[in-house]
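Worksheet for the structure shown next.
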Amino acid sequence: MDCNPSLYVRERWWRRNPPNPPQSTWIIGASSGIGKEMALQLSQQHQQRQQQHSSTTADNHGSLLILSSRNVDALEQVAQECRRQQQHYETNDLRIVCLPLDVTNLPQLESAVQQVCELTTTQQHDNGRKKQSESCSPALDMVVMNAGSGVLSPALETDSNVVQTVLQTNALWPMILTPLLLQHYPDPTRDPPNSTTSAPPQLLITSSIAAKVPVPLSASYAAAKAALHHYFLSLATERPDLVIDLACPGPVDTQFHSNHIQSPVDDHGEEDSRDLDSKQQVQEHPQQASSSSSPLKMPVQRCAQLMLAAAARSWQPRRSAGVQESWICQQPTLTALYLYQWCPSLLRPVLARIGTKRVNLWRRGLDLYNPSSWTAAAESSNESSPKR
């Protein structure tokens, strides 16, 4: 099993009875990794659904997929792959829009929200979903907040500029974007019901198991993800009408683990091109420290599939409001995650032993996710230990 049991059952049912995908989706961090794969899978679901229902006209309204990232060239490539899927299925139901966005730039965040609102308000008018009026809110069904960055280094050796960047690109921008976006929708705790407004979009957040359990060599990343995680848990208590899905993936087989030793990268994929003065990352720690594929890493296709299955609880005609947390990772990481939640005092000494060994592997430039690295390190330790 590679996820929590309820998600495992739901995903198997979802494959046999796929629901209608959201009609309008905004993916932030879509140029590579999990975000790219989610865009491709959503696009494919739209095409397959359109092909199945091509004979009916009631559900034959155009859909909208908005892709955002700082890397414009990579973003266009993802959009082209989605469009090639349309050609394969011989449909043109899905409109794909690239919206470049640097999540650390506040004016760009404000502008992006405004553009998305205009796109989705126009989309709902064109589709006839509601009669457009001044009080009409954007018809955005789902927002995927996936962009972020990570760094692999010991906590006390991580440069302060890197720590700031990791916190800003993982925790701060969703806290800024969410109020900017939700101000366009009514708040049922204070606003009277209005039939001309759309419900707020579903929020699918890429959190991490690092928000749930200590992760050696990722202290700043874990702190940022924990802040992000608890922000949305707290928001859900204030606004129980919101649909919030917190997906907590473990190690995923993307560029996130092959590039972030040299520089921070977008969440599970895209390299950060900004100049960061991180002296501890440039000389003695070769890139191969976590570059290879490994049974400990989940294939990116499977991770995106499980995240979408978790979010599909609210794709039915009757929305399932509230917050949901999903754990998505390979064994033995999943078992360790459960043990830490149930008996943390028992697992902390184990994590401490693993943590010191992990740091030693990193200093030697060995692949942290390759079991042979741990075997080689153990043999080296035995050889160097004094004999009695």
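The values are calculated or read from the model by the stated rules, or taken from the named source; none is laboratory data. As the structure is a prediction and not an experimental result, all values here were calculated from the model. Virtual Cβ from ideal backbone geometry, glycine too; neighbours counted across all protein chains shown. Side chains are part of the model used for accessible areas, which takes the heavy atoms of the whole protein and leaves out ligands, DNA and RNA. Shrake-Rupley method; radii C 1.70, N 1.55, O 1.52, S 1.80 Å.
The residues of the range 331-382 present an accessible area of 60 Å² per residue when probed at 1.4 Å with all protein chains retained.
Between residue 168 and residue 241, the modelled labels are 3.5 nm apart [label points 7 Å from Cα along Cα→Cβ]. Just the protein heavy atoms count here, and of the accessible area of the range 331-382 at 1.4 Å, carbon and sulfur take up 62 percent. Computed 3J(HN,Hα) for the range 215-221, one whole-Hz value per residue from the Karplus formula 6.51 cos²θ - 1.76 cosθ + 1.60 where θ = phi - 60°, is 10, x, 6, 9, 4, 5, 5, glycine and proline marked x.
A Cα-only calculation for the range 201-246 places Rg and Dmax at 11.6, 37 Å. Between residue 105 and residue 360, the simple spin-label model (points 7 angstrom out along Cα→Cβ) gives 4.6 nm. With both labels modelled 7 Å from their Cα along Cα-to-Cβ, the residue 231 to residue 348 distance reads 2.8 nm. Computed from backbone phi, the HN-Hα couplings of the range 27-38 come to 9, 9, x, 9, 7, 6, x, 4, x, 4, 5, 5 Hz, rounded to whole numbers (Karplus: 6.51 cos²θ - 1.76 cosθ + 1.60, θ = phi - 60°; Gly and Pro given as x). Here the convex hull built on the C-alpha positions of the range 331-382 has a volume of 78 cubic angstrom per residue.
The Cα atoms of the range 136-178 define a convex hull whose projected area, averaged across directions, is 3.8 nm².
Residues whose amide H falls under 5 Å from that of residue 151, counting only those 5 or more places apart or on a different chain, are 221, with hydrogens built in the peptide plane.
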